[in-house]
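Presented below is the structure to which this report refers.
The values are calculated or read from the model by the stated rules, or taken from the named source; none is laboratory data. Quantities reported herein were computed from a predicted structural model and do not represent experimental measurements. Cβ placement follows ideal geometry from the backbone for every residue including glycine, while neighbour counts extend to all protein chains displayed.
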Amino acid sequence: MRRPLLIVVLVVTLAAAVPGNGQSAPVWRPVPESTHASKVRTLAREVVEFARRQIGIPYRYGVSSRSTGFDCSGLVYAAYRSIGKPIPRSSWEQLHVGRPVRFAELRAGDLLFTEAGGHVQLVVSKRAVISAPQTGERVTYVPLNKLRAHFAGARRLLN
(Lines give C-alpha, C1' and ligand atoms only; values in the text may rest on other atoms or scores of the structure.)
Protein backbone atom coordinates (compact mmCIF):
# COMPACT_ATOMS: atom_id res chain seq x y z
CA MET A 1 0.00 0.00 0.00
CA ARG A 2 2.91 2.38 0.63
CA ARG A 3 4.31 2.18 -2.89
CA PRO A 4 1.08 3.29 -4.69
CA LEU A 5 0.70 6.16 -2.21
CA LEU A 6 4.28 7.28 -2.90
CA ILE A 7 3.64 7.20 -6.64
CA VAL A 8 0.44 9.27 -6.26
CA VAL A 9 2.27 11.90 -4.15
CA LEU A 10 5.10 12.05 -6.70
CA VAL A 11 2.69 12.45 -9.66
CA VAL A 12 0.71 15.19 -7.88
CA THR A 13 3.92 17.05 -6.99
CA LEU A 14 5.22 16.89 -10.55
CA ALA A 15 1.86 17.96 -11.97
CA ALA A 16 1.81 21.01 -9.71
CA ALA A 17 5.20 22.11 -11.03
CA VAL A 18 4.26 21.89 -14.71
CA PRO A 19 3.32 25.30 -16.18
CA GLY A 20 -0.12 25.64 -17.72
CA ASN A 21 -2.04 23.85 -15.01
CA GLY A 22 -3.39 27.06 -13.51
CA GLN A 23 -0.90 27.04 -10.67
CA SER A 24 2.43 28.79 -10.78
CA ALA A 25 5.54 26.87 -9.94
CA PRO A 26 7.73 28.36 -7.25
CA VAL A 27 10.40 30.64 -8.71
CA TRP A 28 13.76 31.22 -7.09
CA ARG A 29 14.58 34.90 -6.83
CA PRO A 30 17.98 36.14 -5.68
CA VAL A 31 18.10 38.17 -2.52
CA PRO A 32 18.26 41.80 -3.60
CA GLU A 33 21.57 43.45 -2.84
CA SER A 34 21.62 46.34 -0.48
CA THR A 35 20.55 49.63 -1.97
CA HIS A 36 23.73 51.30 -0.73
CA ALA A 37 26.08 48.78 -2.38
CA SER A 38 24.14 49.04 -5.62
CA LYS A 39 24.32 52.84 -5.55
CA VAL A 40 28.08 52.78 -4.89
CA ARG A 41 28.64 50.50 -7.89
CA THR A 42 26.45 52.70 -10.08
CA LEU A 43 28.35 55.84 -9.06
CA ALA A 44 31.70 54.12 -9.68
CA ARG A 45 30.53 53.10 -13.17
CA GLU A 46 29.51 56.70 -13.90
CA VAL A 47 32.88 58.07 -12.73
CA VAL A 48 34.72 55.50 -14.86
CA GLU A 49 32.51 56.18 -17.88
CA PHE A 50 33.22 59.90 -17.62
CA ALA A 51 36.96 59.21 -17.58
CA ARG A 52 36.67 56.80 -20.54
CA ARG A 53 35.07 59.54 -22.62
CA GLN A 54 38.18 61.65 -22.04
CA ILE A 55 40.58 59.15 -23.64
CA GLY A 56 42.65 61.02 -26.23
CA ILE A 57 42.16 64.50 -24.72
CA PRO A 58 45.52 66.33 -24.40
CA TYR A 59 47.29 66.77 -21.08
CA ARG A 60 47.32 70.39 -19.92
CA TYR A 61 48.78 71.36 -16.57
CA GLY A 62 46.36 73.06 -14.19
CA VAL A 63 43.15 72.52 -16.16
CA SER A 64 40.18 70.21 -15.92
CA SER A 65 37.90 70.38 -18.92
CA ARG A 66 37.35 68.49 -22.13
CA SER A 67 37.73 71.67 -24.17
CA THR A 68 41.09 72.72 -22.72
CA GLY A 69 42.54 69.40 -21.52
CA PHE A 70 43.28 67.74 -18.22
CA ASP A 71 46.11 67.30 -15.82
CA CYS A 72 46.05 64.20 -13.61
CA SER A 73 44.16 65.64 -10.66
CA GLY A 74 41.92 67.66 -12.97
CA LEU A 75 40.75 64.49 -14.70
CA VAL A 76 39.89 62.84 -11.38
CA TYR A 77 38.31 66.06 -10.11
CA ALA A 78 36.10 66.36 -13.23
CA ALA A 79 35.14 62.66 -13.09
CA TYR A 80 33.89 62.98 -9.53
CA ARG A 81 32.28 66.35 -10.22
CA SER A 82 30.27 64.58 -12.98
CA ILE A 83 28.43 62.61 -10.27
CA GLY A 84 28.06 65.61 -7.98
CA LYS A 85 30.75 64.54 -5.51
CA PRO A 86 33.03 67.43 -4.60
CA ILE A 87 36.68 66.53 -4.07
CA PRO A 88 39.81 68.69 -3.80
CA ARG A 89 41.43 69.83 -7.03
CA SER A 90 45.10 68.94 -6.37
CA SER A 91 46.55 65.43 -6.16
CA TRP A 92 48.20 66.30 -2.84
CA GLU A 93 44.81 67.14 -1.34
CA GLN A 94 43.13 64.18 -3.05
CA LEU A 95 45.66 61.92 -1.32
CA HIS A 96 43.94 62.72 1.98
CA VAL A 97 40.24 62.24 1.11
CA GLY A 98 38.28 59.02 1.40
CA ARG A 99 39.81 56.00 3.04
CA PRO A 100 43.15 54.31 2.31
CA VAL A 101 43.13 51.17 0.16
CA ARG A 102 45.85 48.56 -0.40
CA PHE A 103 46.99 47.84 -3.95
CA ALA A 104 45.47 44.34 -3.82
CA GLU A 105 42.05 45.80 -2.88
CA LEU A 106 41.74 48.33 -5.72
CA ARG A 107 38.43 48.55 -7.54
CA ALA A 108 36.83 50.80 -10.14
CA GLY A 109 36.51 54.38 -8.96
CA ASP A 110 39.50 54.29 -6.59
CA LEU A 111 42.27 56.86 -6.86
CA LEU A 112 45.78 55.44 -7.29
CA PHE A 113 48.79 57.63 -6.46
CA THR A 114 52.34 57.33 -7.80
CA GLU A 115 55.38 59.64 -7.77
CA ALA A 116 55.26 59.88 -3.96
CA GLY A 117 51.66 61.10 -4.19
CA GLY A 118 52.26 63.77 -6.82
CA HIS A 119 50.44 61.90 -9.60
CA VAL A 120 46.92 60.48 -9.41
CA GLN A 121 45.12 58.06 -11.72
CA LEU A 122 41.60 56.65 -11.75
CA VAL A 123 41.22 52.88 -11.39
CA VAL A 124 38.78 51.65 -14.04
CA SER A 125 39.10 47.87 -13.63
CA LYS A 126 41.18 45.18 -11.94
CA ARG A 127 43.68 45.59 -14.79
CA ALA A 128 43.83 49.27 -15.74
CA VAL A 129 43.74 52.92 -14.75
CA ILE A 130 43.03 56.01 -16.81
CA SER A 131 45.76 58.59 -16.55
CA ALA A 132 46.47 62.11 -17.78
CA PRO A 133 50.23 61.47 -17.84
CA GLN A 134 52.32 64.53 -18.71
CA THR A 135 52.82 67.41 -21.14
CA GLY A 136 52.84 66.24 -24.75
CA GLU A 137 50.74 63.15 -24.01
CA ARG A 138 47.03 62.42 -23.96
CA VAL A 139 44.63 60.86 -21.48
CA THR A 140 45.16 57.12 -21.83
CA TYR A 141 44.80 53.68 -20.30
CA VAL A 142 47.74 52.34 -18.26
CA PRO A 143 48.01 48.69 -17.19
CA LEU A 144 47.70 48.42 -13.42
CA ASN A 145 50.59 45.96 -13.20
CA LYS A 146 52.98 48.66 -14.49
CA LEU A 147 52.15 50.83 -11.49
CA ARG A 148 52.74 48.42 -8.62
CA ALA A 149 56.43 49.33 -8.26
CA HIS A 150 55.55 53.05 -8.19
CA PHE A 151 52.55 52.73 -5.85
CA ALA A 152 52.43 55.55 -3.29
CA GLY A 153 48.91 54.93 -2.00
CA ALA A 154 45.28 54.67 -2.99
CA ARG A 155 42.04 56.13 -1.74
CA ARG A 156 38.44 54.99 -1.96
CA LEU A 157 35.97 57.84 -2.18
CA LEU A 158 32.87 55.75 -2.74
CA ASN A 159 32.04 53.33 0.08
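Data for the structure
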item	result
Residue tally, condition surrounded by fewer than 18 Cβ atoms within 10 Å (Cβ to Cβ) and under 18 Å from the mean Cα position of the chain (by Cα), over segment 68-86	6
Odd one out for TYR61, checked against (1) modelled with pLDDT under 95; (2) assigned to a loop (DSSP other than H, G, I, E, B)	(1)
In segment 106-154, the residues that are within 22 Å of TYR61 (Cβ to Cβ), out of contact with any Phe, Trp or Tyr (no Cβ under 8 Å at 6 or more places or on another chain) and acidic (Asp, Glu)	GLU115
Scan of segment 112-148 for residues that are buried (at least 19 other Cβ atoms within 10 Å of the Cβ) and assigned to a loop (DSSP other than H, G, I, E, B), ordered by number	VAL124, ALA132, VAL139, LEU147
Pair list, Cβ < 9 Å and 6+ apart or interchain, from segment 88-109 residues that are touching a residue at least 24 places away in the same chain (Cβ under 8 Å) and under 19 Å from GLN134 (Cβ atoms) to residues that are charged (D, E, K, R) and in a loop (DSSP other than H, G, I, E, B)	SER91/ASP71
